Amino acid sequence: MRKIVLLVLVMNTLLTHAQEINIIPKPVSVTVGVGSFTINANTKIVAKGTECLKSAHFLADYLRSVYGVSVGIVESGSNQSGNTINLSEARKDETHTRYSLTVSGKNVQIKGDNGAGVFYGIQSIIQLLPVDKSSPLFIPQVNILDSARFAYRGMMLDVSRHFFPISFVKQFIDFIALYKMNTFHWHLTDDQGWRIEIKKYPKLTEIGSHRNGTIIGRYPGKGNDGQTEGGFYTQDQIREIVKYAAARYITVVPEIEMPGHSSAAIAAYPQLSCFPEESTKHPEKTAWNGPTEGKQVQQAWGVFEDVYAPTEYTFHFLQDVMDEVMQLFPSKYIHVGGDECPKESWKRSAFCQQLIKDKGLKDEHGLQSYFIQRIEKYLNSKGRRIIGWDEILEGGLAPNATVMSWRGEEGGIEAAKQKHQVIMTPGAWVYFDHTQTKHEDSVTIGGYTTVQKVYGYEPVPKLLPEENAHYVLGAQANLWTEYISNAAKVEYMLFPRMSALSEVLWSAKSQRNWDDFEKRLLVQFKRYELWNFNYSKAYFDPINNPDSAK
Ligand code: TNX
């Protein structure tokens, strides 16, 4: 009798163990078996074709760097027996993300519709591996069929307010890859720094990539730190990043802000302003360091009145910049900003007022729309499409523009009703610069956005008529870095919220269930430890999450 009880207990443990599949984002379908496959030094990854080889190398590198285990890679063709992980592209279908993952006692099979599908299968294997570095590399026997819900699964990093080195940009891309996301939106220019080398306009980086100081603490700040802040990416470095991302099936969408948030470019080329002779103004309540004469890169946060003048000089400049940007970034989409452009300068500029009359525009909002449409026409003529923040709706939307809805869901709803593509990124749910704890001891901006809130986000707005729902390409979280000056804080602000967002974007709507996610999240916290992520522990604080105390 005791033996039977023991056997039942052992079986139970085996079964319950086998059932612990904790992948985030949750796959569409999972059938769990009994027993496991073990990766060891005899394991070979068998890859069919160049795309699969990329994924094979990714997995081999991961196993080596995280667990210190080296496995071989072979190209299929030769018959391989024994302990193998087999990667193949089933249909070479460009549009899908689908893969199947089958783990038996003897081998692992990943079949992707294309290279991206295989890569996503690899990410699932990574999350089937133990969270403990020193444990044998068991993978539970399982059958997974999986594909993404949304085509656009993005993360934005602002490198203007604070500059981040190439090594960290790569790490940020690694985060995106681990969560089966596919777009890195790189916010490269703003009032506080121009970060991309443009050969035709060297002053953009000579002058525009540095500021002479930064306000200390929360706006308006307790003084100025008096430190030079700066840096930029050379074109070679940018190519390196685009390649690094592409190897992970991630598209890099560059953002060149216009017509507002352009103080750094104006500091380099004052003719870009409506009033080239006027010195840069900064809010009186903020402290300044260094010269105040002439045009300067801003040292505090916010919105500034000195914006691009809609002159031929500016349009030539922007087209030249875009020519170099398009050479560097193969992405179909180029982000042109368009947000928070105060109209004061245009109101008091005789040139702008005349232009409004000549072009028969209604007002300064019409002028903003004219501005964006000219750039859109140029980019369209080169086979690219624009993305803009939702302000580009004001004064009339450019014909093929995709709208990034950030001031709530309204912009997205309006654009989709006008049959324009939409990427949802509403502040209240997916601004990861918001605090995630009521006990925050570092400076943050905006609201209080917990992991639960992110998980509860639904990218297709309730108020959007069903026939327009397909205009919603997906969603994105934004990491603005006014108060984020180092890599550790980036990680702290991203995790665990990014894990929650990945499930919103990848998993079927019917799969989304907080209680189920929460169980997997607890294991994910251990995986963050394995990955050395500096994640937020707000979840464990009852003040943020009364349920965690249960
Ligand atoms: C608004 S979101 C901005 C950014 C700031 C952010 C701070 C958007 C398009 N513009 O310039 O960094 O708020 O949360």
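Points to keep in mind about this one:
- Acute angle (nearest 10 degrees) that the helix 497-506 long axis makes with the longest principal axis of the chain, alpha-carbon atoms: 80 degrees
- For the chain, relative contact order (Cα pairs under 8 Å, six or more residues apart, normalised by length) works out to 13 percent.
- Excluding same-chain neighbours fewer than eight residues apart, the aspartates and glutamates reachable from Lys438 by a Cα-Cα span under 16 Å are Asp541, Asp547.
- Region 237-251 - phi-based ³J(HN,Hα) in whole Hz, Karplus 6.51/-1.76/1.60, Gly and Pro as x: 5, 5, 4, 4, 5, 4, 5, 4, 5, 4, 5, 10, 6, 10, 8
- Between 0 and 90°, nearest 10: helix 2-19 axis offset from the chain longest Cα axis: 30 degrees
- Estimated FRET transfer efficiency when R0 is 56 angstrom, pair Val131-Lys377 (beta carbons, to 0.05): 0.60
- Taking the longest Cα principal axis of the chain as reference, the axis of helix 514-531 is set at about 90 degrees.
- Global geometry of the chain, whether rounded, prolate or oblate, following the gyration tensor of its Cα atoms and the 1.5 cut on a/c: prolate
- Among the listed pairs Lys48/Lys382; Lys419/Lys489; Lys133/Lys519; Lys281/Lys359, those whose Cα-Cα separation exceeds 27 Å are Lys48/Lys382; Lys419/Lys489; Lys281/Lys359.
- Gly408 long-range amide H proximity, modeled H, under 5 Å: Gly427, Ala428
- Amide H contacts of Ile196: Tyr233, each under 5 Å away and 5 or more positions distant or on a separate chain (H built 1.01 Å from N in the peptide plane; Pro and chain starts excluded).
- Averaging Cα coordinates gives a centre for region 37-83 and one for region 333-361; these two points are 56 Å apart.
- Computed from phi, the 3J(HN,Hα) profile of region 318-331 under the Karplus parametrisation 6.51, -1.76, 1.60 (θ = phi - 60°) reads 5, 5, 4, 4, 4, 4, 6, 4, 5, 5, 7, 10, x, 3 Hz, with x in place of Gly and Pro.
- Loop-resident sites, region 417-498, for chymotrypsin sites (Phe, Trp or Tyr not before Pro), counting at most 15 other Cβ within 10 Å (DSSP): none
- Aspartates and glutamates whose Cα lies under 16 Å from that of Lys332, excluding same-chain neighbours fewer than 8 positions away: Glu94, Glu255, Asp323, Glu324, Glu376
- Beta bridges by DSSP in region 29-146, antiparallel share as percent, to the nearest 5: 55 percent
- For Lys362, the lysines whose Cα comes closer than 18 Å to its Cα, not counting residues fewer than 8 places off in the same chain, are Lys343, Lys347.
- Coupling constants for region 386-401 follow from the phi torsions by the Karplus curve (6.51 cos²θ - 1.76 cosθ + 1.60, θ = phi - 60°), and in residue order they are 9, 10, x, 5, 5, 4, 5, 6, 5, x, x, 7, 5, x, 10, 5 Hz; glycine and proline get x.
No value in this document is a laboratory result; all are computed from the given coordinates. What you see is a predicted model; the values in this text were computed from it and never measured. Note that we place each Cβ from the backbone using ideal geometry, even for glycine, and neighbour counts take in every protein chain shown.
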